[in-house]
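The values are calculated or read from the model by the stated rules, or taken from the named source; none is laboratory data. This is a predicted model, so every value here is computed, not measured. Methodologically, a virtual Cβ is constructed for each residue, glycine included, from the backbone with ideal geometry; neighbour enumeration extends over all protein chains shown.
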Amino acid sequence: MANIPQKIIHEYLRHDKKFPHVWCAGCSNGIVLGSIIRAIADMQLNRDDIVMVSGIGCSSRMPVYVDFNTLHTLHGRAIAYATGVKMFKPNLKVIVITGDGDCTAIGGNHLIHAARRNIDITVILINNNIYGMTGGQASPTTPHEAIATTAPYGNIEPDFDICNLAMGAGASFVARTTAFHAIETQNYVKEAINHNGFSMLEIVSSCPVIYGRLNKKGSPADMLKHMRDNSITLAAKEKLPKEKTEGKIIRGILKRDERTEFTDAYAQLVKKVMGGKHE
Amino acid sequence: MPTKIKKIAKPVEEKPVTPAKSGRKIRLMQGNEAVALGALDAGVNFFAGYPITPSTEIAEILALELPKRGGVFIQMEDEIASISAITGASLAGAKSLTATSGPGFSLMQEGIGFAKITETPCVVVNVQRNGPSTGMPTSPAQGDIMQSRWGSHGDSPAIVLYPDSVKESYELTIRAVNLAEKYRTCVILLLDEVIGHMREAVTLPDIANIRIVSRIKPTIPRHWYKHYDENQKYLSPLASFGEGYRYNVTGLTHDALGFPTNKPNEANDMMERLRKKISYNIRDLVQIESREMEDAKIAIFTAGITARAAKSAVAAARAEGIPVGLLRPLTIWPFPDDAVRKMLRNVETVIVPELNQGQLIHEIRRLTKDKQDGNLIPIQRANGTLITPNEILRIIREVH
Amino acid sequence: MSKAHEIRLSGSGGQGLILAGIILANAAVIEKRRVTQTQSYGPESRGGYSRADVIISDKEIFFPEATRFDILLALTQEACDKFIFDLKDKGILIVDNTQVKNISVMSEHTYEVNFTELVTEKLGSPITTNICSLAFLVKITGIVKEESLKQAIAGSVKPAFLDLNLKAMQLGFELAVNYGK
Amino acid sequence: MSKKVEKDRVGTIFREEEAQEKMEVEVTEVKERGDKDSPVLIYYNWCKRCGICVAFCPTGCLGRKPDGSPYVANPEKCIHCETCDRLCPDFAITGAKDK
C-alpha cells in the first residue's frame, strides 16, 4: 500500500488484498505473523518454495495474509495436508500455523504421528488458551479454573503441556516462547525452519477480547506485560529454586536432536527398491 | 542466536512414475488388484491410506509398487489424514488416490467436500461393505450410493463411477483419475466387496493404448493467474505449489483468486461454477450399459455386482421368450437422467434390485413419475448376501 | 465343454480353500477359459467357515458366485450340511470323511475320502489337504487338465513348498485313480 | 530556530524544529496517516487502537489520542528501537528504516 513505506515485511504480505486483517484489536496473532515473516525475510527463502498450511481457528487465518503458497484447510487437519505436500515435494519448506484447539484437540492425532515420523514440517502453534473464533469455549490448554463460555464455573480439566506432548511423541525440535518476545520468536522460527525434522514451536499468546475479558486479564498491553513478567528462560529456570519457577512460562529451546527425517528415509527406501528389478 | 541459512538448492521437480509393465498377459486378478494396477497405469504417484477391510489389498499392492516407480506411498494415522494427505499432495502436483470402505468413507466426507470446493483433483476408492457402522466387514452391500452423492455437507456435485467386473474396475480407475484431473474434483470409485475380492481372468491393454489425461497447467504470468478461472467450460488450469504461482487455497467460500469471501455474488459464482462444470459436461461424464433394451417391456435398472445377477437373469428370461432388458449406469453420479428417461420410455415395468433398503430406486421413481407405482418393483436386501439371478428371474416371470 | 461349471470348495478357515480356489481358477486361465473366483470368509484365520467358488465356462460369466453347484467339495461337517442342498441333481460331492460323518442327502456321485488322515500320514502334516483334495477333484471331474493344475500350483505356492504341494497333488491323483478299488 | 538536520542511526531524516512544532499541534489535528518526515509512521486504516505500541514505547515518543489511536507525541524521543513496529499486531506502525 502506498501509504505504508516499503518495509521488508510488506513484500511478504498480501497487503493489497486482505488488510486490515480479521483479528481483534490487540490480538497476538498479528505480532506472531510479523515475527514469522521477519524470520523468513532474514533467511532469504524463496517465497515460491514456502507452503504455509493451516487448519481452522483464529491463528489459522494467517496464511491468507502472506504471499506464499498458502493452504487453509479443515479443522485439525493442517498437519495431515502438510504431510501430503511435503511427501510429494520434499524440497518445499512446509510451515503449519495452528492453534491450541486446532492442533491438540481435534488434530491431536495428526500432531503425534507427524512428530513420531519426524517429517520435516515446522509447526508454529499459537496458544491463546481458548477457542477464539467460536467465541470463547474451553480448549485443551485452558488453564485449570479459568473461565470459558463452556466452563462458566471455572475449568475443571487439567491443561495440556503441548511441548511435553510433542517431545513425548518424538518431535526432534521443540521450543517455546511468547508473542511478546518478538525477537526471540523470530530467532526460534529460523531455528525451527532450519531444523531437518519435525519442529514444534509453541508461542504463548493472548486473546484479550475473549479470554482476557472472561478472566479479567486487563488490556492487550497488560496481557503482553504478563507474558514479559511471568516467563523465564530455560537457563534461568535451572538456576532458580523450584518455588520461584512455579507457574512461570518456560521459554527456550527445550529439545533439539538429530534423528532420521521421514522424507529422507523415504528417499532412501525408493533408492533401495528402485535398485531392484520391477515385478 | 546465530542461525545458519540453509538455502533451497534443489530445483522443484515432478516425480516421474514409470508405468506398470506387469500383467499384460492374461491373468487371474482380483478387483482390488485391478484398481491398484489401474491407478499405476493412470499415472497415480501418491497414495495415502489406512487399513480397512475389504479395500486393504489396494494399499498393499501400492505399498509394493509405488516406491519402485518413484511414487509415494504413506500409511496415515486414519482415513481423515489419508484424504487430507492426498489433497495436499495433489496441490503439490501429484496424481493422488486413496482407498477405503464404509466406515473410513464416512470419516473422509469432510475432506471430500474440501477437495470439491477447492477443486483439487483426487480419487477416493470406496470398496463398499455391509453397514451401518462396522456392519459386516467381509460382506457385500450397496449402501453408499447416496452417501457418495450427498455424504459431504453442503451442496456439491459428485462424479461417482461404479464397475461390475474386475476388468471394468481397472478401466474405471483410469477413468476416475482422468476425470479428477480434467474436472479438478474428487472423483469417487464405488466398488462392491465381492468385486474387490473377486478374481477374474483379465488381459490388461497395452500401456500405449491407454488414454491418460493430466491437469492443464497455466502458461500465463503469475499476476494473471486465477486459481479458479471461469473460462473453458469451467475447466481451468491448475498450478502446483512450488511453481511460482503463489495462490491461496481455502475451504471457505472463495472468489476466483481463491481468497475467502462473504459477498453473495461471489459465493453464487463459486457455487454455480461447481455445479456447471459437471452439468455442462454431462455428456462427457455419463456412461451407461444397455442390454437387450430395444424391444424390452421389462427393464432392470441396477449397478455393480447386482447387475451381474441381473445379466444372468436377463439371459435366462430371454431364453424363455420374455422381453426383458438391462440398464446399468457406469457413472451413477451425475445420474444419467436423459439416457435413462429415453430408454425407459417404452418400458412397462422397471425392476430395481439393489443391496440396500432403497437408494437407486429413488432416482428411477423420480424419472418414471408417469408410470404407476405398481410398475416399479424393488428388490432390496441388506443382510450381507447377494441378490441371486434366480430371485430376479422369479420376479421377471411374475410381472410378465 | 460349453456349459458353465460351478464349483464350491468349502470347509473352515485355515484349510487353504481360498488358495485352492485360486489355483483351480488359474488352471482354467492357463487353458484360456473364462473364470471367476469369489470367496466368503469370516475374520478368523483358524476355525469359522470358509468357502471359495470357482465358475469355469467358455461363455461370458455373469453372476460370479456359485448358486447351484456342479461340484461341491466339503472338508467339514458344518460346510457339508450347509451347502449340500444346493448341489445339482447330478452334481458331484466330494467330502473328507475324516471330519464329515453324516451326509444328509446322498448324491449319485458321492466320493468319500479321508484326505486329512491320509495327507497327515503320508506327508507328515495336514497342511496340504487342500491341494490333495483339489487334485482328487480335478482327476475325478476332468474340469481342467492335470498339467494345467500342476502349472497353476507352481505359479501360486512359494518355491520352498512346491515339492511338498506337488507330492500332495500326486497323492490326490492316485486316490482318484484307486477310488473304490 | 536553527535548521539542525540530523540523521539517525536507521537513516530516517527528520528536522528537529518541525518536530518541536508538531508537539504543539492539537491531537485532533494529527494527520490521518503518518507524516513522511516522522520517525514513526502510523497507518490509521489498519490501526485497531489496541494501545500496545503506546504502552511499550520505552521513551514516551508515542501518545494516545482520545479515541485510543496512537500519535507521535514526542518525535525527538524516538530511539528507533522498533518495539512499536514489532509489537503492533496490525502492521499499522513502523519505526523501521525505509527501504
Is it the case that region D:77-94 has a residue that's surrounded by fewer than 21 Cβ atoms within 10 Å (Cβ to Cβ), away from every other protein chain (no Cβ under 11 Å) and in contact (Cβ under 8 Å) with a residue 40 or more places away in the chain? yes
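Restricting attention to region A:80-110, which residues are more than 10 Å from chain B (Cβ to nearest Cβ) and either closer than 19 Å to A:PHE160 by Cα or surrounded by fewer than 24 Cβ atoms within 10 Å (Cβ to Cβ) (or both)?
Residues of region A:80-110 that are more than 10 Å from chain B (Cβ to nearest Cβ), as a first pass: A:95-105, A:108.
Answer for region A:80-110, where residues must be more than 10 Å from chain B (Cβ to nearest Cβ) and either closer than 19 Å to A:PHE160 by Cα or surrounded by fewer than 24 Cβ atoms within 10 Å (Cβ to Cβ) (or both): A:ILE97, A:THR98, A:GLY99, A:ASP100, A:GLY101, A:ASP102, A:CYS103, A:THR104, A:ALA105, A:GLY108.
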For region B:216-228, state whether one or more residues are within 14 Å of chain A (Cβ to nearest Cβ), more than 13 Å from the chain's Cα centre (by Cα), assigned to a loop (DSSP other than H, G, I, E, B) and within 24 Å of B:VAL124 (Cα to Cα). yes
Suppose we keep only residues that are more than 30 Å from C:PHE63 (Cα to Cα) and among the polar types (S, T, N, Q) within region B:197-234. Which one would you say is surrounded by the fewest Cβ atoms within 10 Å (Cβ to Cβ)? B:THR219
If B:ALA201 passes every condition in (1) assigned to a strand (DSSP E or B); (2) within 14 Å of chain A (Cβ to nearest Cβ); (3) at pLDDT below 95 but one, which one does it miss? (2)
Scan the helices (runs of 4 or more DSSP H) fully inside region B:139-197 and keep the ones with 3 or more residues being closer than 27 Å to B:LYS233 by Cα. B:145-150, B:166-183
Can you tell me which condition B:PHE105 does not meet? The list is (1) away from chain A (no Cβ under 11 Å); (2) under 23 Å from B:LEU285 (Cβ atoms); (3) in a loop (DSSP other than H, G, I, E, B), and all the others hold. (3)
Testing A:VAL209 on (1) in a helix (DSSP H, G or I); (2) surrounded by 15 or more Cβ atoms within 10 Å (Cβ to Cβ); (3) at pLDDT 95 or above; (4) not small (Gly, Ala, Ser), one condition comes back false. Which one is that? (3)
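Determine whether C:ILE61 is in contact (Cβ under 8 Å) with a residue 40 or more places away in the chain and either charged (D, E, K, R) or assigned to a loop (DSSP other than H, G, I, E, B) (or both).
Numbers: in contact (Cβ under 8 Å) with a residue 40 or more places away in the chain: yes; either charged (D, E, K, R) or assigned to a loop (DSSP other than H, G, I, E, B) (or both): yes.
Answer is yes for this residue.
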Looking at region C:33-48, is at least one residue surrounded by fewer than 17 Cβ atoms within 10 Å (Cβ to Cβ) and of a type in the set (Ser, Thr, Tyr)? yes
Counted residues in region B:253-267 being buried (at least 17 other Cβ atoms within 10 Å of the Cβ), facing chain A (nearest Cβ under 9 Å) and assigned to a loop (DSSP other than H, G, I, E, B) come to 2
A:ALA166 more than 13 Å from every other protein chain (Cβ to nearest Cβ), assigned to a loop (DSSP other than H, G, I, E, B) and buried (at least 18 other Cβ atoms within 10 Å of the Cβ): no
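Mind checking which residues of region D:52-69 are within 13 Å of another protein chain (Cβ to nearest Cβ) and closer than 23 Å to A:GLN186 by Cβ? Talk me through it step by step, then tell me what you get.
At the first step, the residues of region D:52-69 found to be within 13 Å of another protein chain (Cβ to nearest Cβ) are D:52-58, D:62, D:64, D:67-69.
Of everything in region D:52-69, those that are within 13 Å of another protein chain (Cβ to nearest Cβ) and closer than 23 Å to A:GLN186 by Cβ turn out to be D:ILE52, D:CYS53, D:VAL54, D:ALA55, D:PHE56, D:CYS57, D:PRO58, D:LEU62.
For region A:213-231, name all the residues that are assigned to a helix (DSSP H, G or I) and surrounded by fewer than 22 Cβ atoms within 10 Å (Cβ to Cβ).
Listed by number, the residues that qualify are A:ARG213, A:LEU214, A:ALA221, A:ASP222, A:LYS225, A:HIS226, A:MET227, A:ARG228, A:ASP229.
From the list A:ILE50, A:ILE37, which one is over 14 Å from D:ALA92 (Cβ atoms) and modelled with pLDDT of 95 or more? Break it down stepwise before answering.
Numbers: A:ILE37 fails: modelled with pLDDT of 95 or more.
From the options A:ILE50, A:ILE37, the qualifying one is A:ILE50.
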Output for region B:46-65, where each listed residue is at the interface with chain A (Cβ under 10 Å from one of its Cβ atoms) and crowded, with 24+ Cβ neighbours inside 10 Å: B:PHE46, B:ALA48
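Quickly run through region A:64-79 and pick out the residues that are more than 7 Å from chain B (Cβ to nearest Cβ) and either in contact with a Leu (Cβ under 8 Å, 6 or more places away or on another chain) or closer than 21 Å to A:ILE31 by Cβ (or both).
Scanning region A:64-79 gives A:TYR65, A:VAL66, A:ALA78, A:ILE79.
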Heads up, the helices (runs of 4 or more DSSP H) in region C:85-181 (entirely inside) with at least 2 residues that are free of Cβ contacts under 8 Å to residues at least 24 places away in the same chain are C:115-123, C:146-156, C:159-177
For B:MET271, all conditions in the list (1) of a type in the set (A, V, I, L, M, F, W, C); (2) over 24 Å from B:ALA89 (Cα atoms); (3) in contact with a helix residue (DSSP H, G or I) (Cβ under 7 Å, 6 or more places away or on another chain) hold save one; what is the number of the exception? (3)
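Go through region A:149-165 and report how many residues are farther than 19 Å from A:THR98 by Cβ and in contact (Cβ under 8 Å) with a residue 24 or more places away in the chain. Before the answer, list the steps.
Of region A:149-165, the ones farther than 19 Å from A:THR98 by Cβ are A:149-158.
Right, trim to in contact (Cβ under 8 Å) with a residue 24 or more places away in the chain and you get A:149.
Counting residues in region A:149-165 that are farther than 19 Å from A:THR98 by Cβ and in contact (Cβ under 8 Å) with a residue 24 or more places away in the chain gives 1.
Do we have B:LEU97 as within 14 Å of chain A (Cβ to nearest Cβ), under 24 Å from B:TYR183 (Cβ atoms) and in contact with a Cys (Cβ under 9 Å, 6 or more places away or on another chain) here?
Judged against the criteria, B:LEU97 is a match.
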Name the pairs: first residue in region B:236-247 and at the interface with chain A (Cβ under 9 Å from one of its Cβ atoms) and touching a residue at least 60 places away in the same chain (Cβ under 8 Å), second residue assigned to a loop (DSSP other than H, G, I, E, B) and aliphatic (A, V, I, L, M), Cβ to Cβ under 6 Å, at least 6 apart or on different chains? B:SER240/B:ALA92; B:PHE241/B:ALA92; B:GLY242/A:LEU92; B:GLY242/B:VAL12
A:ALA151, sole failed condition from (1) out of contact with any Ser or Thr (no Cβ under 6 Å at 6 or more places or on another chain); (2) over 30 Å from A:LEU45 (Cβ atoms); (3) within 12 Å of another protein chain (Cβ to nearest Cβ); (4) aliphatic (A, V, I, L, M): (3)
Go through (1) under 19 Å from A:HIS21 (Cβ atoms); (2) within 7 Å of chain B (Cβ to nearest Cβ); (3) assigned to a loop (DSSP other than H, G, I, E, B) one by one and return the number of the condition A:GLY57 breaks. (2)
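Tell me, which helices (runs of 4 or more DSSP H) lie completely within region B:311-400 with 2 or more residues that are among the basic types (Lys, Arg) and more than 14 Å from chain C (Cβ to nearest Cβ)?
Here the list reads B:337-343, B:360-367.
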Going residue by residue through region B:90-105, is there one that turns out to be more than 26 Å from A:PHE68 (Cα to Cα) and surrounded by fewer than 23 Cβ atoms within 10 Å (Cβ to Cβ)? yes
With the checklist (1) surrounded by 24 or more Cβ atoms within 10 Å (Cβ to Cβ); (2) touching a strand residue (DSSP E or B) at 6+ places or on another chain (Cβ under 9 Å); (3) outside any helix (DSSP H, G or I); (4) at the interface with another protein chain (Cβ under 7 Å from one of its Cβ atoms) in hand, flag the one item A:GLY26 doesn't pass. (2)
